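Each remark here refers to the structure printed beneath this line.
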Amino acid sequence: MQPHSGMSLALRLGVELVTAVLIGVAIGYMLDRFFASTPWMIALFSLFGVIAGFRNMYRAASSIPPMP
């Protein structure tokens with residue numbers, strides 16, 4: 001199996017963070033429109049997205065084997 005390059009790892013971590021935040025913002029936006037609670041849900045779910053993104057980044061980075 002071929003080891004991952006640093007660039008591919010950086011891209012993966014960045015994409016995971018941005019995706020989690022965008023999903024959180026989208027869910028918050030939809031809930032704000034449904035409950036007419038602007039801007040509380042978008043703020044709350046943006047925070048959840050950031051937390052989930054950093055959690056995903058940590059899990060992905062910790063699964064990388066150490067360099068020999």
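Just so it is clear, none of the values below were taken in a lab; they were calculated from the coordinates. Given the structure is predicted, the values throughout are model-derived calculations rather than measurements.
Extent of the chain along its three principal axes (Cα atoms, max minus min coordinate, largest first): 54, 15, 15 Å.
Converting phi to 3J(HN,Hα) with the Karplus coefficients 6.51, -1.76 and 1.60 and the offset θ = phi - 60°, the stretch 22-35 yields 5, 5, x, 5, 5, 5, x, 4, 5, 5, 4, 5, 5, 9 Hz in sequence order, with x at every glycine or proline. Could you work out which residue, out of Met57, Met30, Met41, moves most in a Gaussian network model of the chain, that is, has the largest mean-square fluctuation with Cα springs under 10 Å? Looking only at Met57, Met30, Met41, the largest GNM fluctuation is found for Met30. Relative contact order for the chain: 36 percent, from Cα pairs under 8 Å spaced at least 6 residues apart, divided by residue count.
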